[in-house]
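Step one of this worksheet: look at the structure below.
The values are calculated or read from the model by the stated rules, or taken from the named source; none is laboratory data. Predicted model, so just to flag it, every value in this text is computed and none were measured. All Cβ positions, even for glycine, are placed from backbone atoms using ideal geometry, and neighbour counts span all protein chains on display.
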Amino acid sequence: MNNLRPTLATVWRISAPYFRSEDKWAGRGLLAAVIAIELAIVGINVLITQWNARFYNALQDRNWDTFVSEIIYFSVVVSIFIVLAVYQLYLNQWLQIRWRQWMTARYLGDWLHQANHYRMQLQGDAADNPDQRMTDDVKLFVDRTLNISLGLLNSIVTLASFVVMLWGLSNAAPLHLFGQEYAIPGYLVWCALIYSVLGTVLTHLIGWPLVGIDFRQQQVEADFRFNLVRVRENSEQIALLHGEQAERERLLVRFGRVVENWLAIMNRTKKITAFTASYNQASVVFPYILVAPAYFAEKIQLGGMMQTASAFSNVQSALSFFITIYRQLAEWQAVVNRLDGFEAGIAAARELAQQSDRIHVVASQGDGAIDLKELALRLPNGTPLVNASGLSLRKGERTLVTGPSGSGKSTLFRAIAGIWPFGTGSISIPAGATMMMLPQRPYFPTGSLRGAIEYPAKEGTFTDGQIGGALEQAGLPRLASQLDEHGHWNRTLSLGEQQRLGLTRALLHTPQYLFLDEATASLDEPSEAALYQLLEKKLPATTIVSIGHRSTLDAFHQRNVSLVRDGERFALRDEKPTARTT
Ligand SMILES: Nc1ncnc2c1ncn2[C@@H]1O[C@H](COP(=O)(O)OP(=O)(O)OP(=O)(O)O)[C@@H](O)[C@H]1O
């Protein structure tokens, strides 16, 4: 934990917003209650330690009345302790779920805000696996932050309460060695301090390699899980290629790394457990050994010895806090770093959308055309891709964009959609215009078919009649009876059916601008032609821009723009309007 200070600063930066949020009163109230109970529990420990002296003295003196009253006292105090312990855990869990709920909602909001999630991908994998960040990491962060802070508070207050008691007991039971009495003020406190510091240093020396090995374990486990998910996602391809044997071998190699690292963890844990178990057992008898000479020299009573042992073990365990949470601290630091990286990734994505050196998308009040002004697209690494300056997509016109594979056609669409920031120039889009992009592989959220079609509108926006009618027009009448069925539609429907479903979505939403990026490429030519005729008929006012490789598409577009090589990049060439055959 060399860099504890920056870690603590990061913890503060990640935690503080919750306690200033709209949920701050609930959060602060629960935290105050949890802290108050923690302090009360330390107070009860002090009472029990003092009770030890009275109880064992009563035993030694064979005093029945005191024995009975001390048992009653103990029962009352312990009952209060039980109630406090139950509510401490209950309120702690309540705070955890509220805090986690707030953090998850905030991260989800920031991540899904205006294509931040997409820009984060474009910037590389500084914040890989956002799913892990928003599930395990947020959960662990809240849990560990609360438990470590409360543990630390408990240790400090315990130390403060018991050091005073132990100091007084040191004077009552002075150190006896070989028949000699030594008057060392607070010697029991010093002994506890030396014992704990020694234990902490040794724990660190034995345990520090665990920090790195634990971190690596999370990595190899995540790698194994990620590759299993990839197999699941591509199961059809793997089955068609009979790649099962190859996959099994690759997965077993990855799992081999999990096992190998686990063996390293086992070895190291064995050593540290051997040490901490010995240390903890020695802690039980150590205070008795220290005060036994005074007891046998009849300087203190049995009660005094029991109280000393209890006070000593409280001080020693408070001082040994670091040993108890050693592994939690290492894990906490890794979680804090990952959440910090995630927040930095979101901030960088937001910055990317706002920096001056980017493609500007502006709202215009003009004649309904989309105008590309001095537009030059680049790759994320700065390599020039397309010069798209001067293109105007006129209102109601249907334009076909063609060009070689990799020339930047889809990237041009991304820029118009406002999610591709790399480049210069501007794109002006009529204010309030409704746009829809249909890719080759449309996305359908899992759930009801109705929700998948209506997406991104809320489920229930369109009536069954509207959806059924659109499905019928798009050539999928059989699906009209399955609107309430739940499924993974990207997996169960053929690519051609998915493309028809994408067009159903467009027919329902009737956007003013529709961009089709090879959105009918999986259909045979007659079906493709029928769907384009349908679009012409049902969306007559919609400006349509298509990307496609088939020459048959020419017939449905009034204009053809092609991307042609111009030195190291591509440039737009406005071809002559094609003759309409429909
Ligand atoms: N996120 C990215 N990072 C780096 N390079 C990218 C990224 N996205 C696209 N590219 C590159 O930009 C170039 C243009 O890609 P784009 O998808 O626009 O081509 P396209 O003309 O639509 O091709 P196709 O006809 O094959 O669909 C390609 O060389 C591609 O590798």
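General remarks:
- Filtered residue count, the stretch 540-566, keeping only those that are more than 16 Å from the ligand (Cβ to nearest atom), more than 17 Å from Pro442 (Cβ to Cβ) and either surrounded by fewer than 16 Cβ atoms within 10 Å (Cβ to Cβ) or of a type outside the set (Ser, Thr, Tyr) (or both): 9
- Whichever residue in the stretch 388-401 is in contact with a helix residue (DSSP H, G or I) (Cβ under 8 Å, 6 or more places away or on another chain) and under 15 Å from Phe570 (Cα atoms) and, among such residues, is nearest to the ligand (Cβ to nearest atom): Val401
- Qualifying positions in the stretch 15-36 - within 13 Å of Leu146 (Cβ to Cβ) and in contact (Cβ under 8 Å) with a residue 40 or more places away in the chain: Ser15, Tyr18, Gly27, Leu30, Leu31, Ala33, Val34, Ile35
- Here Asn381 meets the list (1) within 11 Å of the ligand (Cβ to nearest atom); (2) surrounded by fewer than 17 Cβ atoms within 10 Å (Cβ to Cβ); (3) modelled with pLDDT of 90 or more almost entirely, failing just condition (3).
- Residues satisfying the stated conditions in the stretch 15-39, i.e. in contact with a helix residue (DSSP H, G or I) (Cβ under 7 Å, 6 or more places away or on another chain) and within 23 Å of Ile156 (Cβ to Cβ): Ser15, Phe19, Gly27, Arg28, Leu30, Leu31, Ala33, Val34, Ile35, Ile37, Glu38, Leu39
- Filter pass, Gly406 being out of contact with any Leu (no Cβ under 8 Å at 6 or more places or on another chain), in the same structural domain as Gln533 (by TED's automatic domain parsing) and within 16 Å of the ligand (Cβ to nearest atom): yes
- Sub-7 Å Cβ pairs linking a first residue in the stretch 394-418 that is closer than 27 Å to Arg119 by Cα to a second residue that is of a type in the set (Asp, Glu) and within 15 Å of the ligand (Cβ to nearest atom), at least 6 apart or interchain, are Ser410/Asp517; Phe413/Asp517, ordered by first then second residue.
- Checked against the criterion of being assigned to a helix (DSSP H, G or I), closer than 30 Å to Leu159 by Cα and aliphatic (A, V, I, L, M), the candidates Ala309, Ala264, Ala222, Ala239 yield just one match: Ala309.
- Checking every residue in the stretch 290-297 against the condition of being in a helix (DSSP H, G or I) and under 17 Å from Gln328 (Cα atoms) gives zero matches.
- Among the residues of the stretch 488-499, none qualifies, meaning not one is part of a strand (DSSP E or B) and buried (at least 18 other Cβ atoms within 10 Å of the Cβ).
- A residue that is within 30 Å of Asn92 (Cβ to Cβ), under 20 Å from the mean Cα position of the chain (by Cα) and assigned by TED's automatic domain parsing to the domain that holds Leu339 occurs somewhere in the stretch 202-216.
- Considering residues of the stretch 409-435 that are within 14 Å of the ligand (Cβ to nearest atom) and farther than 19 Å from Thr520 by Cα only, the residue surrounded by the fewest Cβ atoms within 10 Å (Cβ to Cβ): Ala417
- In the stretch 155-177, residue nearest to Ala36 (Cα to Cα) [restricted to those that are under 39 Å from the mean Cα position of the chain (by Cα) and among the small types (Gly, Ala, Ser)]: Ser155
- One residue from Ser15, Ser21 being of a type in the set (Gly, Ala, Ser) and either modelled with pLDDT under 95 or more than 30 Å from Thr200 (Cα to Cα) (or both): Ser21
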